[in-house]
Amino acid sequence: MEINDGDEDEFGFSRNYFLAKDMAASGKKSSHKLSDINLVDEQELRAEASNVEPKHEKEIESLMESYKSLYSKWVFELRCGFGLLMYGFGSKKALIEDFASTALTEYSVVVINGYLQSINIKQVVITLAELLRDQLKSKRRTPSRNLSKAQQPFNTRSMDDLLAFLDGSQVEENDGVVCVVIHNIDGPGLRDSETQQYLAQIASCSHIRIVASIDHVNAPLLWDKKMVHTQFNWCWYHVPTFAPYKVEGMFFPLILAHGGSAQSAKTAAIVLQSLTPNAQSVFKILAEHQLSHPDEEGMPIDNLYTVSRERFLVSSQVTLNSHLTEFKDHDLVKTRRHSDGQDCLYIPLASEALEKLLADMNQ
Amino acid sequence: MAPSATPIDSSPSSTSTSVDNNLQPFFVLHKASSGKSERKSTGSAKTRRRIDLSPSLQMNAKKLEATRVEECGDDDCYVNLRVEAFEIVWSKIESTIKNVLRDVNTNVFNEIHRWVCQSFNTIMSSRTIAFHEATQAFPIIADASSKQLFTGLVLTKNMEFVDDLLTFEELGLHLRSQGCRVANLSSLDFTAKSGINGCLRSLLRQFLMASLDAADISILASWYREEGNYGNPVVVIVEDIERCCGSVMSDFILMLSEWVFKVPVILIMGVATTLDASRNILPSDVLQHLNPCKFTLGTPTERMDAVIEAVLVKPCSGFSVSHKVALFMRNYFARQDGTLTSFIRALKIACVQHFSMEPLSFILGGISSEQNEQVIQDGLLLQIVLKHAFDLPSYVRNKTGEHNGEIFTHGLSEMKKLQKHWGIVVLCLYEAGKYDKIRLLDLLCEALDPELHNFRTSDTLTKIEEDPCPFSSNYRYHQQYLRKGGFIGRALRKVRDLPIVQLCKLLQRWEELTVDVIKIHEKLKELSPVLKSENDKSSKEDMTNISKRQASRSQLYMEDTKAVYEKATILMECMVRDYMQPIESIPLHEVFCFKNVEKLQSALIGDPRRRIQVDLLESHIILRCRCCSGSGNTLLPTMHDTSIMYNLAQEHGDLINLHDWYQSFKSTVLCPRRKRKKKSKQSPSKKRKILTEPENLSEAAIQARFCRAVTELQITGLIRMPTKRRPDFVQRVAFEL
């Protein structure tokens, strides 16, 4: 009987999928354009977005309150060596941090904000190792064998060494356990498989306990069976909060702002960080040009090439083009036709934003 | 345009530090508060002492406990005790599982070890190196035929490599204990990204116990010349070659074969599919260097049955699961995952759920540490125990009268006895079922069913056979039970169908199993002499030709054997009826038996894909607000914005036109009912705003809410953003539940 249930589920799913496909194909695909909406100015939109009136505040609060009764159970499971994985709609940041700061006071807690764009996992591990060392030291019985190694500062050690330190044998049950809270373990900064492998290795260390949250419906696809069954060892908890994703949604572009293609200086900075110093310098030339000639259409490619070559940033047109392709792919730079027919490059950012970006880059 | 640079939200209420923290990739929330943890740790140290307590220490321990009771609150104590009990019980289960798996693999491991020694001798006999050659930092030149690498291909017979992680770890330990130098490599060491360097570094790390920046095989060669290493075989175990990067793997093999004279490496590779796997991954010139040998591990089913037998059927830790939980775990194993690892994990979660919810579960810790009922006689916990124990439904149902410690202790020992009997009968059934390829897991599920047991003991079974009344419900139930091929029924029937020789073996097995239950044992003994003679006869008959004279004898013989079969079957039925009492029908079972399937399921299998969609589609149910419930299917403007949006999205195909979506969102939000509803619900301060809303709920505000809802849907991964090709559409990713 249960088998039939499962089949029906699956059948239902595929049927829904094809129905949806069908609707799109046969139905007159709506030809309305986004531009038909009377879009308000981006600035106004952002201002409004930042103070959207919250709904159901009271209910959300009582929902959060109801989860507090689970705290003791969560601590129990953490103590027994499980990891906690929270899911359900709504930001769980406040919930988990409240849990950590009220119920986990006897452990050190490190919070990782997975919703940010880039996270240096090695730095995290170094911090964890330092916390653990301090904790073990204060527990009078400092394992003597660690002393020799401790002389070497953590930040020069390899990842394997650090993980081995975190996975050291446990003296007493609760001593030397560091809790790691990971908001959005499926977030953009942690989503790649290498990072997930590291997180899994961290989770399997004897001195570490993990409390994490996921928001993406397909998050479990990040993990293979080894990670799920032997490393993370999750206990799942469905805790919808319906709290707004304020911080988590910070770096997502507003869909109605310039049709969703607008780039903020923040995201531009993040993209630039990942480029080579030479590419950054080429971008800088362009930015400086744009700032000093605000009225012009943009910088002709030839000019950019000459200047970049003079400064030994590029050796040939080919290298410059590869940089430019990179910029264009990330919408950092756009081209438009100059009045005299020449192709010009410009950065689609306002001058204040551009100035701030330059200042950030120079730091 | 400056605001575009700042995040769309900066909530005014939050302090600047928390905003800072929100933008930090990571930060330390707080450090361990030393005071409290100190107290806790002393507490747990004391309880630990109690658990380990030896008779001489008892007085002391009692004193300690008295202080401890004063010291910490009721619940606090419990929790510590239960955490400890969990650790004791689980470590017991875990070590049992490890032992069982090791036993399953012992033969293969020994076989592999013999082969390793043999191969090593072959390598050593063909190599004679002068000292100056040995110390050079390059390989010795030899002809191709002698650059062979002995390779053991271990067929795991299991696509799921997780189940074999432990096997290879154990194999490593086994070989190490026999004097080999062993390194375990996994597919993570053979990635195209880190190349040959990755696996070499991992190899050096494991052999030299140091991480080196410059990984070089010559270091390994000089390590091997060191005292203590020289003369021992070097074994490299690669867990799963199918998941390794082929090119790195072949480089690795070529390198090892070049150096095989200096470092006599013997490779062991886990193969999940067939022997062809190595041919698919490695080019032929690399394959030339391998000198393969095949080994086969036990199947997952065998291991599964062995684990269940040791953990859930034989007395192990005292922890047990109910019929429903067992059914769930069986289905989870069969449909969800199919790995032993996942089954063990399910068991562990069941275990932790039990200890976190059942207040009396700490008793298990004492019982499984061979202390028996010592714990409760210690006085300390007696009140606690009594307070809870006599409220247990199973106790209330079965007993009334005095509540004291003795009754409780008696209950516990009775429980232990019954459990033991149950286990023995299940094993006997399993022995019979083996001839019919019945799996222990299935048998276990049926043996745990309290209703079937009630049915069996209610005597209807015999009555039905005498006087079948086809209309009674019991009869139907019985029929259904038999027809559906109840596993117990099948096992019983198999007893009748066995050839005499096998029956003889089976009875012998039963005798071994039932040594501790005198009544059954004796009955079996009565049977066995009859059977012995039968057996002798039959073997004699095999040898002599069947003549006419013997035909009459064999007639007699037939009748005799018939009687034996009948007796054996009846005996087994009696055992099932009288001794196989499932744990759920024994008083006080709540202490030992985990029953809450829902809790187990929700903790074990998160289902974000479905649950998050349900959250959105039925937000008012979860929020339990008055304003939105009772609306049926109509969308109310008071609902959560994202919930409205997702409900609206259901009306679209796989592509959603942004313009249409926005318009329908807008009309929902501006729905005239809103004003009335809101007026009655909202506080006066907000009222002012709402009253002026029709004009004031500006286009900008609606658009902002729309944007935010889209962003939230994007975070949940339920929609994909517009592409350049389709700038006016978002794509739906999930289609209903």
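For the range B:250-272, what are the residues that are out of contact with any Ser or Thr (no Cβ under 9 Å at 6 or more places or on another chain) and either free of Cβ contacts under 8 Å to residues at least 60 places away in the same chain or within 21 Å of residue B:298 (Cα to Cα) (or both)? Show your work before the answer.
So the first thing to find is which residues in the range B:250-272 are out of contact with any Ser or Thr (no Cβ under 9 Å at 6 or more places or on another chain), and the list is B:250-252, B:254-258, B:263.
Those that are out of contact with any Ser or Thr (no Cβ under 9 Å at 6 or more places or on another chain) and either free of Cβ contacts under 8 Å to residues at least 60 places away in the same chain or within 21 Å of residue B:298 (Cα to Cα) (or both): B:250, B:251, B:254, B:255, B:263.
Which condition from (1) under 23 Å from residue B:625 (Cα atoms); (2) not assigned by TED's automatic domain parsing to the domain that holds residue A:232 is the one that residue A:92 breaks?
With respect to (1) under 23 Å from residue B:625 (Cα atoms); (2) not assigned by TED's automatic domain parsing to the domain that holds residue A:232, residue A:92 is out only on (2).
Can you go through A:88, A:81 and tell me which one is at positive phi, facing chain B (nearest Cβ under 9 Å) and either surrounded by fewer than 21 Cβ atoms within 10 Å (Cβ to Cβ) or free of Cβ contacts under 8 Å to residues at least 24 places away in the same chain (or both)?
Numbers: A:88 fails: either surrounded by fewer than 21 Cβ atoms within 10 Å (Cβ to Cβ) or free of Cβ contacts under 8 Å to residues at least 24 places away in the same chain (or both).
Criteria check complete, one pass: A:81.
In the range B:579-615, how many are in a helix (DSSP H, G or I) and touching a residue at least 40 places away in the same chain (Cβ under 8 Å)? Give the derivation first.
Kept after step one, since they are in a helix (DSSP H, G or I), are these residues of the range B:579-615: B:579, B:583-585, B:589-591, B:597-604, B:608-615.
Restricting the remaining residues to those that are touching a residue at least 40 places away in the same chain (Cβ under 8 Å) gives B:579, B:583-585, B:589-591, B:597, B:599-601, B:603-604, B:609-610, B:612-614.
Qualifying residue count for the region: 18.
Where residues in the range A:96-132 are more than 9 Å from every other protein chain (Cβ to nearest Cβ) and among the charged types (D, E, K, R), which of them is nearest to residue A:273 (Cα to Cα)?
Looking at the filtered set, the residue picked out is A:122.
Condition first: under 19 Å from residue B:667 (Cα atoms) and modelled with pLDDT of 80 or more. Can you find one or more residues in the range B:710-722 that meet it?
Yes - at least one qualifying residue is present in the range B:710-722.
Answer yes or no as to whether residue B:196 is at pLDDT below 85, over 29 Å from the mean Cα position of the chain (by Cα) and over 20 Å from residue B:117 (Cα atoms).
Working: at pLDDT below 85: no; over 29 Å from the mean Cα position of the chain (by Cα): yes; over 20 Å from residue B:117 (Cα atoms): yes.
Judged against the criteria, residue B:196 is not a match.
What helices (runs of 4 or more DSSP H) completely inside the range A:207-324 contain at least 1 residues that are in contact with a His (Cβ under 7 Å, 6 or more places away or on another chain)?
Numbers: elements: A:265-273, A:277-292, A:301-310.
Helices (runs of 4 or more DSSP H) meeting the threshold: A:265-273, A:277-292.
Testing residue B:279 on (1) in contact (Cβ under 8 Å) with a residue 24 or more places away in the chain; (2) among the basic types (Lys, Arg); (3) over 30 Å from residue B:600 (Cα atoms), one condition comes back false. Which one is that?
All conditions pass for residue B:279, except number (1).
Under the condition of being hydroxyl-bearing (Ser, Thr, Tyr) and touching a helix residue (DSSP H, G or I) at 6+ places or on another chain (Cβ under 7 Å), which residue from the range B:191-249 is farthest from residue B:282 (Cα to Cα)? Don't jump to the end; show me each part of the working.
First, the residues of the range B:191-249 that are hydroxyl-bearing (Ser, Thr, Tyr): B:191, B:194, B:202, B:211, B:218, B:222, B:224, B:230, B:247.
Next, from what is left, pick out any that are touching a helix residue (DSSP H, G or I) at 6+ places or on another chain (Cβ under 7 Å): B:191, B:202, B:211, B:230.
Details: B:191: 15, B:202: 21, B:211: 29, B:230: 30 Å.
Here the residue is B:230.
Looking at the range A:304-321, which of its residues are buried (at least 16 other Cβ atoms within 10 Å of the Cβ) and not hydroxyl-bearing (Ser, Thr, Tyr)? Spell out how you get there, then give the answer.
Taking the range A:304-321 and keeping what is buried (at least 16 other Cβ atoms within 10 Å of the Cβ), we get A:304-305, A:307-308, A:313-314, A:319-320.
Within the range A:304-321, A:304, A:307, A:313, A:314, A:320 qualify.
Going by the conditions given, is residue A:176 surrounded by 21 or more Cβ atoms within 10 Å (Cβ to Cβ) and either touching a strand residue (DSSP E or B) at 6+ places or on another chain (Cβ under 6 Å) or assigned to a loop (DSSP other than H, G, I, E, B) (or both)?
Numbers: surrounded by 21 or more Cβ atoms within 10 Å (Cβ to Cβ): yes; either touching a strand residue (DSSP E or B) at 6+ places or on another chain (Cβ under 6 Å) or assigned to a loop (DSSP other than H, G, I, E, B) (or both): yes.
Answer is yes for this residue.
Scan the range A:184-198 and tell me whether some residue there is assigned to a helix (DSSP H, G or I), in the same structural domain as residue A:133 (by TED's automatic domain parsing), buried (at least 19 other Cβ atoms within 10 Å of the Cβ) and not polar (S, T, N, Q).
The answer is no, given that none of the residues of the range A:184-198 is assigned to a helix (DSSP H, G or I), in the same structural domain as residue A:133 (by TED's automatic domain parsing), buried (at least 19 other Cβ atoms within 10 Å of the Cβ) and not polar (S, T, N, Q).
Within the range A:235-249, count every residue that is more than 7 Å from chain B (Cβ to nearest Cβ) and either in contact with a Phe, Trp or Tyr (Cβ under 8 Å, 6 or more places away or on another chain) or closer than 17 Å to residue B:336 by Cβ (or both).
Within the range A:235-249, residues that are more than 7 Å from chain B (Cβ to nearest Cβ) and either in contact with a Phe, Trp or Tyr (Cβ under 8 Å, 6 or more places away or on another chain) or closer than 17 Å to residue B:336 by Cβ (or both) number 3.
Considering the range A:129-173 alone, what residues qualify as being over 23 Å from residue B:83 (Cβ atoms), at pLDDT 85 or above and either assigned to a loop (DSSP other than H, G, I, E, B) or in contact with a His (Cβ under 8 Å, 6 or more places away or on another chain) (or both)?
none
Looking at the structure I just gave you, is residue B:234 assigned by TED's automatic domain parsing to the domain that holds residue B:149, within 20 Å of residue B:113 (Cα to Cα) and at pLDDT 85 or above?
Working: assigned by TED's automatic domain parsing to the domain that holds residue B:149: yes; within 20 Å of residue B:113 (Cα to Cα): yes; at pLDDT 85 or above: yes.
Answer is yes for this residue.
To keep it simple, each residue is scored yes or no on (1) under 20 Å from residue B:203 (Cβ atoms); (2) touching a helix residue (DSSP H, G or I) at 6+ places or on another chain (Cβ under 8 Å); (3) crowded, with 22+ Cβ neighbours inside 10 Å; (4) small (Gly, Ala, Ser).
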{"residue": "B:147", "(1), (2), (3), (4)": "yes, yes, no, no"}
{"residue": "B:154", "(1), (2), (3), (4)": "yes, yes, yes, no"}
{"residue": "B:176", "(1), (2), (3), (4)": "yes, no, no, no"}
{"residue": "B:187", "(1), (2), (3), (4)": "yes, yes, no, yes"}
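From the list B:644, B:656, exactly one residue is more than 8 Å from every other protein chain (Cβ to nearest Cβ), among the β-branched types (Val, Ile, Thr), touching a helix residue (DSSP H, G or I) at 6+ places or on another chain (Cβ under 8 Å) and not in a helix (DSSP H, G or I). Which is it? Explain how you work it out, then say what you get.
On the way: B:644 fails: not in a helix (DSSP H, G or I).
Of B:644, B:656, the one residue that is more than 8 Å from every other protein chain (Cβ to nearest Cβ), among the β-branched types (Val, Ile, Thr), touching a helix residue (DSSP H, G or I) at 6+ places or on another chain (Cβ under 8 Å) and not in a helix (DSSP H, G or I) is B:656.
Taking the condition more than 8 Å from chain B (Cβ to nearest Cβ) and modelled with pLDDT of 75 or more, does residue A:10 pass?
Working: more than 8 Å from chain B (Cβ to nearest Cβ): yes; modelled with pLDDT of 75 or more: no.
Answer is no for this residue.
Is it true that some residue in the range A:242-258 is of a type in the set (Val, Ile, Thr) and at pLDDT 90 or above? Give the steps one after another, and end with the answer.
First pass over the range A:242-258, keeping only residues of a type in the set (Val, Ile, Thr): A:247, A:255.
The next check asks that each one be at pLDDT 90 or above; those that pass are none.
Scanning the range A:242-258 turns up no residue that is of a type in the set (Val, Ile, Thr) and at pLDDT 90 or above.
The values are calculated or read from the model by the stated rules, or taken from the named source; none is laboratory data. Since this is a predicted model, take the numbers as computed values, not measurements. Here the Cβ is made from the backbone with ideal geometry for all residues, glycine too, and neighbour counts use every protein chain on show.
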